[in-house]
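Asks: Got a structure for you, written out below as structure tokens; questions coming shortly.
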Amino acid sequence: MEGRKAAALLVVSPTYHGICSNMDEICHICHSYNIPVIVDEAHGAHLGFHPELPSSSLSQGADLAVQSTHKVLCSLTQSSMLHMQGNLVDRERISKSLQMLQSSSPSYLLLASLDAARAQLSENREAIFDKAIDLALEARSLISKIPGISILEFPSFSSFFQIDPLRLTIGVWQLGLSGFEADDILCNDFGVVCELVGTKSFTLAFNLGTQRDHVLRLVAGLKHLSQTSHFSQPVKDEGKNVNHFVCLDDIRISMSPREAFFATKRKVSIRDSLGEICGELVCPYPPGIPALIPGEIITAEALNYLLEIRSKGAVITGAADFSLSSFVVCVT
């Protein structure tokens, strides 16, 4: 709108739920304007290694792709890879940027684990994900038959391009449960650990270590939830209401995060915090996306969202008072 050319386009694909963008079309449009495409492919290091999996962003023309190899493959936590191709990105500039950011004493345990993950894939790249995908498809089939349980699939949203079959998002709102409550029961009673938990659903990740026993425990846990919970009638246009607390569009910044960090602060009750300048990072986890950042004006919308998910069992990180009875605000 200001007549300036975009320096690059950043796309998150796949999302935490496994939803993939049409990177081929996106890259074609951007490259026609000589604009490079950077893909946050943290949850997609496995893409392209099986016919049932979506294509990788690099195979669709992305210039840079960042993959958290440890999330889906078998490298150690914190290890990841940056992939680069084409001529739109200055390789020397990338190297200099990495020198500024990276340690001069890297962990060779992490580097070795990345090489081991690469070797594991290269030795059996055509069939290494056969078992994981078969188990994910079996789980999807069994779970779809459980009353009161819904599964995120293509018909749910017509705008999907592709979805990773190794991510399974399960809705439990018809059981009268929040995703957090269901997660507690599945974890404590059935040993099932969810990857991502929300107010009305949770997401599971299948990987190279998944066993059939894990699937059977998951199905048993969901059957238990179905049999012991009270069904509620689906709300009309439920799909439009699932995340009605998530869209915080009334965002107002009064200070930069740096100014807020160094500002004098005081603690006030949540009732008195409305309209004040937030002095801390308030972040529901997972997925770890801040609802309030230092320097942001505290709004009723943000407070309602935080209190709602807190009442449903969400963990709030960053706030000095995890119970959310008070906030740290900046003194102006």
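The values are calculated or read from the model by the stated rules, or taken from the named source; none is laboratory data. Just so it is clear, the structure is predicted and the values come from calculations on it, not from any experiment. As a convention, Cβ positions derive from the backbone with ideal geometry for all residues, glycine included, and neighbour counts pool all protein chains shown. For accessibility, only protein heavy atoms count, side chains too; no ligands or nucleic acids. Shrake-Rupley method; radii C 1.70, N 1.55, O 1.52, S 1.80 Å.
Asks: How much of the accessible area of the chain, probe 1.4 Å, is carbon plus sulfur, in whole percent?
Replies: After summing per-atom areas, the C and S share lands at 54 percent.
Asks: Here's another thing I want to ask about it. If you roll a 1.4 Å probe over the heavy atoms of the protein chains, what accessible area per residue do you get for the chain, in Å²?
Replies: I get 55 Å² per residue for the chain.
Asks: Note down the accessible area of ILE289, probe 1.4 Å, to the nearest 10 Å².
Replies: Its accessible surface works out to 120 Å², give or take rounding.
Asks: By the gyration tensor of its Cα atoms, with a ≥ b ≥ c the square roots of the eigenvalues, what is the shape of the chain: rounded for a/c under 1.5, prolate for a/b over b/c, or oblate? Numbers along the way, then the final one.
Replies: Values: a/c = 1.64, a/b = 1.04, b/c = 1.57.
Cα axes put the chain in the oblate bin.
Asks: Right, something else. Cα to Cα, under 25 Å, and not fewer than 8 places away if on the same chain: which lysines meet these conditions relative to LYS200?
Replies: LYS71, LYS145, LYS223, LYS236, LYS240, LYS312
Asks: Between the DSSP loop rule and a limit of at most 14 other Cβ atoms within 10 Å, which GluC sites (Glu not before Pro) in region 68-136 are left? Present the calculation step by step, with values, prior to reporting the outcome.
Replies: Values: sites: GLU92, GLU123, GLU126; in loops: GLU126.
Those that pass, being in a loop and sparsely packed, are GLU126.
Asks: Rolling a 1.4 angstrom probe over the protein chains, ignoring ligands and nucleic acids, what is the accessible area of THR299 in square angstrom, nearest 10?
Replies: Here the accessible area works out near 10 Å².
Asks: What's the ranking of 1-9, 94-102 by average number of surrounding C-beta atoms within 10 Å, highest first?
Replies: Numbers: 1-9: 8.0, 94-102: 9.6.
Result, highest mean first: 94-102, 1-9.
Asks: Using just the helices of the chain, give the 222 nm mean residue ellipticity in deg cm²/dmol: DSSP H runs with n ≥ 4 each add -39,500 (n - 2.57), and the total is spread over all residues, rounded to 500.
Replies: Working: 10 runs with 105 residues, N = 332.
That comes out to -9500 deg cm²/dmol.
Asks: Between ALA220, ALA314, ALA62, find the one with the highest GNM mean-square fluctuation for the chain; connect C-alpha pairs within less than 10 Å.
Replies: The residue that fluctuates most here is ALA220.
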